[in-house]
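Taking it in order: structure first as structure tokens, then the write-up.
The values are calculated or read from the model by the stated rules, or taken from the named source; none is laboratory data. Keep in mind the model is a prediction, meaning the values are calculated, not measured. Quick reminder, even Gly has a Cβ in these numbers, built from the backbone with ideal geometry, and neighbours come from all protein chains shown.
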Amino acid sequence: MYKIFLVEDDDAIAGVLLEHIASWGWEPRRAGDLTRVMEEFTAFSPHLVLLDIGLPYRNGYHWCGEIRRCSRVPVIFLSSASDNMNIVMAMNMGGDDFIPKPFDLDVLTAKIQALLRRTYDFGGAPPLLEHRGAVLDTGDNTLSYGGQRLELTRNEYRILQVLLEQKGRTVSREALMQKLWETDSFVDENALTVNVARLRRRLEGLGLTDFIRTKKGLGYLISGNSE
């Protein structure tokens, strides 16, 4: 089920959109606190964002810029300010489409379907995995934390992906080795130890200490809580 995140301050418009999105079998969620949009965005890990421009506190351009710092998730702007300047601004800030208000729900649905199909038909994995404010983008293999962005190697990315997908559960060394090297042939276990140690050093460089825990004799764990 695709998850769609709505950032809209008009209760009437939001209500109509949430009901319509759900009627298509998608999972909608509206931002509840417009001062904490990014926290709600990363916690929900949506496949697509519907974003108003005229918002209290910070406008839609600001939030699109923040989203683009950690994700390539599709963003559709919704706004009554549909002059050419705003449309160009929306695209320059990283928007994928712009729909002027008032809009036709059928047109909106068609645009959502087209973007979802174009973005996920050959993948389908959730675009973000988040823990303790760190965001792993499965689209471009990067990790963002505290305004910093870390380009990950293939093995670093795969280790984090598996551990975050199994957050709260211990992943055995054998399972990680299978994911990293995708082979049944013998691989020296020390290679995994070296990869995890290097990843830990890079995470600590971002300020993420004790992010990956060792379960002696079992494997590795990213705790499900925020401790």
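Only a single criterion out of (1) more than 17 Å from residue 120 (Cβ to Cβ); (2) in contact (Cβ under 8 Å) with a residue 12 or more places away in the chain; (3) in a loop (DSSP other than H, G, I, E, B) is not satisfied by residue 73, namely (1).
Going by what's in this entry, would residue 22 be described as touching a strand residue (DSSP E or B) at 6+ places or on another chain (Cβ under 9 Å) and assigned to a helix (DSSP H, G or I)? So residue 22 passes the test. Looking only at region 40-95, count every residue that is among the aliphatic types (A, V, I, L, M) and within 18 Å of residue 29 (Cα to Cα) and tell me the total. Adding up the residues that qualify gives 12. Picking from residues in region 66-83 that are modelled with pLDDT of 90 or more and over 14 Å from the mean Cα position of the chain (by Cα), the one that is surrounded by the fewest Cβ atoms within 10 Å (Cβ to Cβ) is 76. Do you know which of the residues in region 25-42 that are in contact with a strand residue (DSSP E or B) (Cβ under 8 Å, 6 or more places away or on another chain) and not aliphatic (A, V, I, L, M) is surrounded by the fewest Cβ atoms within 10 Å (Cβ to Cβ)? Among those residues, the one meeting the criterion is 27. For first residues located in region 33-54 and more than 20 Å from residue 138 (Cα to Cα), partners that are of a type in the set (Asp, Glu) and outside any strand (DSSP E or B) and lie 6+ apart or on another chain with Cβ distances below 6 Å form the pairs 52/8.
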